[in-house]
């Protein structure tokens, strides 16, 4: 499928997925071995699995601790305090703020990101990865579930299981970035901000299949360039900035990964 083609479809999540008790993939069938999971049953982000700073961000700061990436259409400073865990869910909250990083850059928004680079985290080359999440309702936010190259991999190796710009609730961007960009603009038959849905990607040497609520909706050719980590983020989009009083919440039920 050529880069950023359009796909459409309507998908209804079965009642059994309201809080899945099993650990089978919602997406592709076959025999899989669960390699990584976080069900967010604790009271804070599990820092044995996750870290809050990624090399995908350009502005690293020690005091205050976090990162920003103003050269990538992001308005926010990502810091741990904007991530919270309660009642079996992770909430990443993007909100207006006033913070200056060590570099001297001033940010008027804060949010949070997590990357699976903790000591018990997860790096992989080929896997099926999946998230169940409810996306922000207010306009101006840019939540994503994606991969980024792991330590030692110096080639751009990124898969956007989904990107979503909350000013347009009818488009999901499903993309593999490496030597080129391939993927789809998927038009779901639901509002991603109205409830939980499952988003997954089967990343293989022969290409990547993208899934929404267990249905394959897109294929992108091309092999991964090397090992990657998982990323969950809720950026603030400079292209359509939110109103100053807006709050954007990405609510995550689980993150899981399997390998054959």
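Please treat every number below as a calculation from the coordinates, not as lab data. This one's a predicted model, so the numbers in the text were calculated from it and none came from an experiment. Reconstructed Cβ throughout: ideal geometry from the backbone, glycine too, with neighbour counts over all protein chains shown.
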Notebook entry, point to check: If residue 71 passes every condition in (1) farther than 24 Å from residue 199 by Cβ; (2) outside any loop (DSSP other than H, G, I, E, B); (3) in contact with a strand residue (DSSP E or B) (Cβ under 7 Å, 6 or more places away or on another chain) but one, which one does it miss?
Noted result: (3)
Notebook entry, point to check: Applying the selection to segment 84-116, what residues are under 19 Å from residue 132 (Cβ atoms) and surrounded by fewer than 17 Cβ atoms within 10 Å (Cβ to Cβ)?
Noted result: 86, 87, 88
Margin query: Any residue at all in segment 117-133 that's surrounded by fewer than 23 Cβ atoms within 10 Å (Cβ to Cβ), farther than 30 Å from residue 33 by Cβ and out of contact with any strand residue (DSSP E or B) (no Cβ under 8 Å at 6 or more places or on another chain)?
Written below: no
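Looking at 93, 159, which one is touching a helix residue (DSSP H, G or I) at 6+ places or on another chain (Cβ under 8 Å) and farther than 17 Å from residue 73 by Cα? Spell out the reasoning first.
Numbers: 159 fails: touching a helix residue (DSSP H, G or I) at 6+ places or on another chain (Cβ under 8 Å).
Going through 93, 159 in turn, the sole match is 93.
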Check: If we scan segment 112-126, do we find a residue that is in a loop (DSSP other than H, G, I, E, B) and in contact with a helix residue (DSSP H, G or I) (Cβ under 7 Å, 6 or more places away or on another chain)?
Finding: yes
Notebook entry, point to check: Which one is nearest to residue 124 (Cα to Cα) among residues in segment 47-60 that are surrounded by fewer than 19 Cβ atoms within 10 Å (Cβ to Cβ) and more than 17 Å from the chain's Cα centre (by Cα)?
Noted result: 48
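Where in segment 153-260 are there strands (runs of 3 or more DSSP E), lying fully within it, with 3 or more residues that are more than 17 Å from the chain's Cα centre (by Cα) and under 30 Å from residue 31 (Cα atoms)?
Strands (runs of 3 or more DSSP E) meeting the threshold: 181-188, 215-220.
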Notebook entry, point to check: How many of the residues in segment 28-37 are in a loop (DSSP other than H, G, I, E, B) and surrounded by 12 or more Cβ atoms within 10 Å (Cβ to Cβ)?
Noted result: 2
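Given the structure, is residue 40 under 17 Å from the mean Cα position of the chain (by Cα) and not in a loop (DSSP other than H, G, I, E, B)? Give the derivation first.
Values: under 17 Å from the mean Cα position of the chain (by Cα): yes; not in a loop (DSSP other than H, G, I, E, B): no.
So residue 40 fails the test.
Quick one: which residue in 142, 148 is surrounded by fewer than 24 Cβ atoms within 10 Å (Cβ to Cβ) and in a strand (DSSP E or B)?
On the way: 142 fails: surrounded by fewer than 24 Cβ atoms within 10 Å (Cβ to Cβ).
On inspection, the qualifying residue turns out to be 148.
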